[in-house]
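Undergrad: A single structure is presented below for examination.
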Amino acid sequence: MTVEAVACRGFRSGRPALASGETLYSARLRYHKIGKLNAPKDNLILLPTYYGGAAAGNHPWIGDDSPLDPDRYCIVIPSLLGAGESSSPSNTPGQQAGPDFPAVSLYDNVMLQKRLVEDVFDDACIALVMGWSMGGMQALQWGCLFPDQVRSVLATCCAARCYPHNQVFLEGVKAALTCDHAFENGRYRTPPERGLRAFGRVYAGWAYSQAFFRHELWREQGFGSIEELLRFWEQDHLGQDANDLLTVLNTWQNGDISDNPVFRRDYEAALSAIAMPTRMMPSTTDLYFTEEDAREDGRRMPGANVTPLNSDWGHIAGGAGREAASHDRILAAAQALLSGQAS
């Protein structure tokens, strides 16, 4: 079976209550399903999505030449709330449209994914939850909330919460977007293009490391100059909705796997609940999800092993199919976890 055999589906879950106390009306979780659930119901893999990414962005991890082989596993990619595929400001009608879309948390995302697993996949045992960046944060949230259901976790270029300097970085890109007069406090009549372009340019300087630019590694992506790379980031963000970007940014900025009714901000308790085999793979040059923060979190997870990606690609190193060497190391870690050989 190939990735081309993907089924794109929507799961409607009514009116779930959110951790904030608000209700999300007509909630819909968009997901990709590749492969089939086996009879013992123990071959499910979840690949939650990352900031600014669609479900298809995780497809490069999947294939018959990958440990995430759809002939062996049922692979499900649930899209983040607010990111444009699942319920989001841009696709929600009525009173929760646009800037009136409610705040959603990591917990809200994972609890909706849990309902998907219960209702569609018969509450199957989860062989692996794996993700990059915000996808990794969701993987860690799954691990602490459902340790009896999740057999292993792989989290690349992330931490279990958004640490202070990471929050400051996000304030910067948020300001670049919202200072456009056309933004109109989220009630824009046409897309705030200048703000979206600025958002993309500012973000590009954080996504990669200093060494990435010093050694002109952007040439490996097919760009002829830094300006070409920056224009690519502009165009990528012009294709996204401003309120969607800000909604998911808020989820990220307030991300904390202990900020929910289960752990009640007891961060130590949330980390200590992750006792299943877990691999944390920070990039050594990540400017906002730093290796230091990942190591500090991993030290307090009984099942965790922290294995840095030695890369000059910064945060981008942890993404599916982004940098060949890191991509291969991530899949090797997935293979070890799925085969029970991780330590």
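The values are calculated or read from the model by the stated rules, or taken from the named source; none is laboratory data. None of the values given here were measured: they were computed from a predicted structure. All Cβ positions, even for glycine, are placed from backbone atoms using ideal geometry, and neighbour counts span all protein chains on display. Just the protein is used for accessible areas: all its heavy atoms, side chains included, with ligands, DNA and RNA removed. Shrake-Rupley method; radii C 1.70, N 1.55, O 1.52, S 1.80 Å.
Undergrad: Confirm whether Ala83 is open to solvent by 20 Å² or more (accessible area, probe 1.4 Å), closer than 30 Å to Glu184 by Cα and of a type in the set (A, V, I, L, M, F, W, C).
TA: Criteria met by Ala83.
Undergrad: Additional query: Within the range 208-238, count every residue that is touching a residue at least 24 places away in the same chain (Cβ under 8 Å), polar (S, T, N, Q) and not in a helix (DSSP H, G or I).
TA: The total comes to 1.
Undergrad: Is it the case that Arg265 is in a helix (DSSP H, G or I), in contact with an Asp or Glu (Cβ under 9 Å, 6 or more places away or on another chain), farther than 30 Å from Gln341 by Cβ and charged (D, E, K, R)?
TA: Numbers: in a helix (DSSP H, G or I): no; in contact with an Asp or Glu (Cβ under 9 Å, 6 or more places away or on another chain): yes; farther than 30 Å from Gln341 by Cβ: yes; charged (D, E, K, R): yes.
So Arg265 does not fit the description; no.
Undergrad: Every residue in the range 268-285 that is in a loop (DSSP other than H, G, I, E, B) and open to solvent by 10 Å² or more (accessible area, probe 1.4 Å), please. Give the derivation first.
TA: As a first pass, look at the range 268-285 and keep what is in a loop (DSSP other than H, G, I, E, B): 273-277, 282, 284-285.
The answer is Ala273, Ala275, Met276, Pro277, Thr284, Thr285.
Undergrad: Would you confirm whether any residue within the range 239-250 is open to solvent by 10 Å² or more (accessible area, probe 1.4 Å) and within 18 Å of Gly21 (Cα to Cα)?
TA: yes
Undergrad: Restricting the search to the range 88-106, which residues are under 27 Å from Arg265 (Cα atoms) and either open to solvent by less than 40 Å² (accessible area, probe 1.4 Å) or charged (D, E, K, R) (or both)?
TA: Correct list: Ser88, Asp100, Phe101, Pro102, Val104, Ser105, Leu106.
Undergrad: Does Val76 satisfy being of a type in the set (Val, Ile, Thr), within 14 Å of the chain's Cα centre (by Cα) and in a helix (DSSP H, G or I)?
TA: Answer is no for this residue.
Undergrad: How about the range 156-173: which of its residues are in contact with a strand residue (DSSP E or B) (Cβ under 8 Å, 6 or more places away or on another chain), surrounded by 24 or more Cβ atoms within 10 Å (Cβ to Cβ) and of a type outside the set (Ser, Thr, Tyr)?
TA: Cys157, Cys158, Ala160
Undergrad: While we're on this one: Could you look through the range 207-220, keep only residues that are of a type outside the set (Asp, Glu) and open to solvent by 70 Å² or more (accessible area, probe 1.4 Å), and pick out the one that is farthest from Asp312 (Cα to Cα)?
TA: Here the answer is Arg219.
Undergrad: A follow-up question, please. Within the range 32-73, can you find the residues that are open to solvent by less than 10 Å² (accessible area, probe 1.4 Å) and among the hydroxyl-bearing types (Ser, Thr, Tyr)?
TA: Thr49
Undergrad: Can you find a residue that is farther than 26 Å from Asp256 by Cα and touching a Gly at 6+ places or on another chain (Cβ under 7 Å) anywhere in the range 57-64?
TA: yes
Okay, residues lined up against (1) of a type in the set (Ser, Thr, Tyr); (2) farther than 21 Å from Trp252 by Cβ; (3) crowded, with 21+ Cβ neighbours inside 10 Å; (4) more than 19 Å from the chain's Cα centre (by Cα):
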site	(1), (2), (3), (4)
Leu154	no, no, yes, no
Thr190	yes, yes, no, yes
Arg194	no, yes, no, yes
Val202	no, no, no, yes
Trp233	no, no, no, no
His237	no, no, yes, no
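Undergrad: Another one. Provide a single number: the residues in the range 239-262 that are closer than 23 Å to Lys174 by Cα, touching a residue at least 60 places away in the same chain (Cβ under 8 Å) and assigned to a loop (DSSP other than H, G, I, E, B). Step through it out loud before you land on a result.
TA: Within the range 239-262, the first condition is being closer than 23 Å to Lys174 by Cα, and the residues that meet it are 239-257, 259.
In the following step, the residues that additionally are touching a residue at least 60 places away in the same chain (Cβ under 8 Å) were identified as 240-257, 259.
After this cut, where a residue has to be assigned to a loop (DSSP other than H, G, I, E, B) as well, the list is 240-241, 254-255, 257, 259.
Here the count works out to 6.
Undergrad: Among what's in the range 15-37 and is of a type in the set (A, V, I, L, M, F, W, C) and modelled with pLDDT under 95, pick the residue that is nearest to Tyr107 (Cα to Cα).
TA: Ranking the candidates gives Ala19 first.
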